[in-house]
Structure formats: C-alpha cells, structure tokens
Amino acid sequence: MIGGMTLTASAAARLVRLHFGLVAEGENGKDGASFDALASWMRERDDVKIDRISPASYRALAESVREGKSDVAWLPPVVYAWLAEAVTPLGCIARGGSTSYAAALLAREGTKFGSVAELAGARAGWVDPWSAAGYVVPRIELAQTGLDPGSTFASETFYGSHREALAALARGDCDIAATYARTKPELDELGMRTVATFGAIPNDVLVVRRNLAPGPYERILAAFRHACADEAGRVLVRAVFGGDDLREGIEPGHAALRSAFERATANGLFD
C-alpha cells in the first residue's frame, strides 16, 4: 500500500524503491516536507519510490553511500571528492544558470574584523569538516595568503550547518563565519558584511552508488529528467535543491577541488 492505495501486482513490479541520502540544512526548502513532495511526484509519475535518509554530518552521508544504505545521494563537493570512485554521477542542479558558487567569510557589521589582515584573534565559526564553502575552501585559500589558521584564530567551532553557523555569528558566539556567498541585500538583512570571498566551487553532485544495477540507475535518472522538464516538477526540485536545471555529467571544477583538498590534507592543514 502506498499513499493509502493498494498497488496491483503489475504496479508493484514496476515500482523501483531507492534510499536517498542528503544532509538537510533546514534552508532553501531542504526539509522533510519538500523532499516528500518531490518523492510523491516521482512515485506517481515515474514509479520511483525514494525514501529519504538524513545523516547528521557529511562524513555520515559518505558512510551511508559506502555502506550501501544510500542508493542515491546529493553530495557536497568535498564529499564527492572522497567518494568519486565509489559513485556514478547523475549530474548537478544548476542554480540561476550557474554550476558553481563562491564561499565567503562573514562578520557582523560594526566589528573590527573587516579583512583577512584583521583576522588575528577572531573566533572562527565553521560548518562541517567536509563542507567546501563552510570550511575547506576558505581554509585552503587563507593558507595560500600566508595566514596560518591554526595560530591565527582564537578558537574554531563547527556548527553543523550553514544556518547554524550564521545563527552563531548573529548571537556573537563567533566573530566570523564561513558559508556560501550572499548578496548585499541578504547581508544587510542579516546585519553582516563580507570579509572575503573564495571560489568558484562546483555545485553539489547527484550520484548513485557505483554498484547500483543499471535498471534503477536509468529509472532515477529518467525521473530527475522528467521532474526538471515539467513545470510542476521543477517547482518541487527547486524547493529541495535550490535550482531546477539538471546538468548531466560532472563539472570539471571537481577535479581541481579534489587535488587542492588532497594537497592541503597531506600538508596537515586539516589535522
């Protein structure tokens, strides 16, 4: 029985059941209700049933894919870098026509932290150790300017999501926060300013685990193609992923990010 309706034997045979892993941010519509609405749309129109798995961290998301608990996943770029050999990319969801975005260090208006040169003694607020915009890329870029993050910051705290990092900054629990770049009107509303921006960072990647059978792979890809081509479907995709334009394949920026991340890790930047 699905949605209160009993499936016929033939309908049950057509139905493909998959587990979808993503770390919910609680913003841009990435919550249970938005995902469930998209899942219902795909089930009714494409006979694909996707059940949401919401790991608590990016590392846990990677583990869910490696262990086969997630058949399909929406991977942030650093998680994709770790899992590249274990997954097959479907593509990315372009936002506003763009397949990349920028990271930013933000500070509250009226504080002394106005530039990279003024970061000594700041309390840093990060998102997650595997967040590209919320930790990895800013840390790599700061190190390339000659700044040693380990000795520059008075403290470093992970808050688990972009939303929570910004909330900590607003409360005064940290002096700077790393996140994805915002527009000036958004910053004005938050009472924050940009200290520095870094990028471009390739968008998150829709993937399937590498050993997923060809049939389910083709069905979930077809379901996303259908949703992104349908007027009502696009609304639902946009609510979950922040965009509605499926760009199949993998963007070239991922290889460069992976190389930079591996070099920085080997040099002890993330110890």
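The values are calculated or read from the model by the stated rules, or taken from the named source; none is laboratory data. Values in this document were obtained by computation on a predicted structure and should not be read as measured data. Every residue, glycine among them, receives a Cβ derived from its backbone with ideal geometry; neighbour counts consider all protein chains shown.
Applying the selection to segment 114-146, what residues are at pLDDT below 95, among the polar types (S, T, N, Q) and not in a helix (DSSP H, G or I)?
Across segment 114-146, the qualifying residues are Ser115, Thr145.
Within segment 32-68, how many residues turn out to be assigned to a loop (DSSP other than H, G, I, E, B) and farther than 14 Å from Val207 by Cβ? Full working, then the answer.
Our first condition is that a residue be assigned to a loop (DSSP other than H, G, I, E, B); within segment 32-68, this holds for 47, 54-57, 67-68.
With farther than 14 Å from Val207 by Cβ added as a condition, the list becomes 47, 54-57, 67.
Result for segment 32-68: 6.
One residue is enough: does segment 183-191 have a residue meeting the conditions over 15 Å from the mean Cα position of the chain (by Cα), charged (D, E, K, R) and within 17 Å of Gly97 (Cα to Cα)?
No, because not a single residue in segment 183-191 is over 15 Å from the mean Cα position of the chain (by Cα), charged (D, E, K, R) and within 17 Å of Gly97 (Cα to Cα).
Is segment 96-112 home to any residue that is out of contact with any Ser or Thr (no Cβ under 9 Å at 6 or more places or on another chain), surrounded by 23 or more Cβ atoms within 10 Å (Cβ to Cβ) and modelled with pLDDT of 95 or more?
Taking segment 96-112 as the starting set, the residues that turn out to be out of contact with any Ser or Thr (no Cβ under 9 Å at 6 or more places or on another chain) are 96-101, 108-112.
When the remaining residues are screened for being surrounded by 23 or more Cβ atoms within 10 Å (Cβ to Cβ), the result is none.
Among the residues of segment 96-112, not one is out of contact with any Ser or Thr (no Cβ under 9 Å at 6 or more places or on another chain), surrounded by 23 or more Cβ atoms within 10 Å (Cβ to Cβ) and modelled with pLDDT of 95 or more, which makes the answer no.
Working carefully through the options Arg163, Arg219, find the one that is in the same structural domain as Ser70 (by TED's automatic domain parsing), surrounded by fewer than 21 Cβ atoms within 10 Å (Cβ to Cβ), in contact (Cβ under 8 Å) with a residue 12 or more places away in the chain and charged (D, E, K, R).
The conditions single out Arg219.
Residues Thr111, Thr88: which one is under 17 Å from Ala255 (Cβ atoms) and polar (S, T, N, Q)?
One residue alone meets the criteria, Thr88.
Out of the residues in segment 147-159 that are assigned to a strand (DSSP E or B) and touching a Phe, Trp or Tyr at 6+ places or on another chain (Cβ under 9 Å), state the one that is surrounded by the fewest Cβ atoms within 10 Å (Cβ to Cβ).
The extreme case among them is Thr157.
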